[in-house]
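Peer 1: I have a structure I would like to understand better, so I am pasting it below and will then ask my questions one at a time.
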Amino acid sequence: MITTDRAAFRSALPGGGRLIGLDVGTKTIGTALCDAGWSYASPAILIRRTKFTADKATLAALVAEQRVAGIVIGLPLNLTDGSESPRSQSSRAFARNLADWGLPIFLQDERWSTQAVERQMIAEDISRAKRAERIDKLAASYILQSAIDALVRA
């Protein structure tokens, strides 16, 4: 199941369970994990993109190790009107390629995730080099936290 419907995703996980958040880019995949009670999200690993099969295997190992029950993938919508873009289609295709795992997949609007994380790191006076290292994992955490905050209210 791949959905943008919070209620449908929530009903697919009646007992809660650990979620993984993904910020899927062309060069990296930022990951984050949340607790089974959906209280907080934390950055996890950064995957440097290679071939899809290798990327998927790395994700599968993390999902199995962490006993993940569901997946949240950032859906990059157009900032101005919320419509879908070619990057949105890329995220949807990535989700379809993970569907064979049998886990519910939620596509979370990620329009402001990178900007919010970047602003926070600048406010914390983190150097540009360190921001570049951390941005995708922190964006994944922001995406996942946004999703679990909404899911708790759903």
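The values are calculated or read from the model by the stated rules, or taken from the named source; none is laboratory data. A quick note: this is a predicted structure, and the numbers were derived from the prediction, not measured. A quick note on method: Cβ atoms are made from the backbone with ideal geometry, for glycine too, and the neighbour counts reach across all protein chains shown. Just so you know, the surface numbers come from the protein's heavy atoms only, side chains and all, with ligands and any DNA or RNA stripped out. Shrake-Rupley method; radii C 1.70, N 1.55, O 1.52, S 1.80 Å.
Peer 1: Only one of A69, A60, A36 is among the aliphatic types (A, V, I, L, M) and either more than 17 Å from L144 (Cβ to Cβ) or touching a Phe, Trp or Tyr at 6+ places or on another chain (Cβ under 8 Å) (or both). Can you tell me which?
Peer 2: A60
Peer 1: Only one of these conditions is not met by T50: (1) among the β-branched types (V, I, T); (2) more than 15 Å from the chain's Cα centre (by Cα); (3) part of a strand (DSSP E or B). Which number is it?
Peer 2: Against the list (1) among the β-branched types (V, I, T); (2) more than 15 Å from the chain's Cα centre (by Cα); (3) part of a strand (DSSP E or B), T50 comes up short only on (3).
Peer 1: Condition first: closer than 15 Å to S91 by Cβ, of a type outside the set (K, R) and open to solvent by 50 Å² or more (accessible area, probe 1.4 Å). Now tell me which residues in the range 17-71 satisfy that.
Peer 2: Within the range 17-71, T26, F52 meet the criteria.
Peer 1: Quick check on the range 5-16: of everything there that is within 20 Å of S88 (Cβ to Cβ) and of a type in the set (A, V, I, L, M, F, W, C), which residue is least open to solvent (accessible area, probe 1.4 Å)?
Peer 2: That would be F9.
Peer 1: Okay, moving on. Would you mind finding the one in A69, A57, A44, A61 that is over 16 Å from D23 (Cβ atoms), assigned to a strand (DSSP E or B) and not β-branched (V, I, T)?
Peer 2: A69 is the lone residue from the list that is over 16 Å from D23 (Cβ atoms), assigned to a strand (DSSP E or B) and not β-branched (V, I, T).
Peer 1: Hey, can you tell me all the residues within the range 75-99 that are surrounded by fewer than 13 Cβ atoms within 10 Å (Cβ to Cβ), part of a loop (DSSP other than H, G, I, E, B) and of a type in the set (A, V, I, L, M, F, W, C)?
Peer 2: Passing the criteria: only L79.
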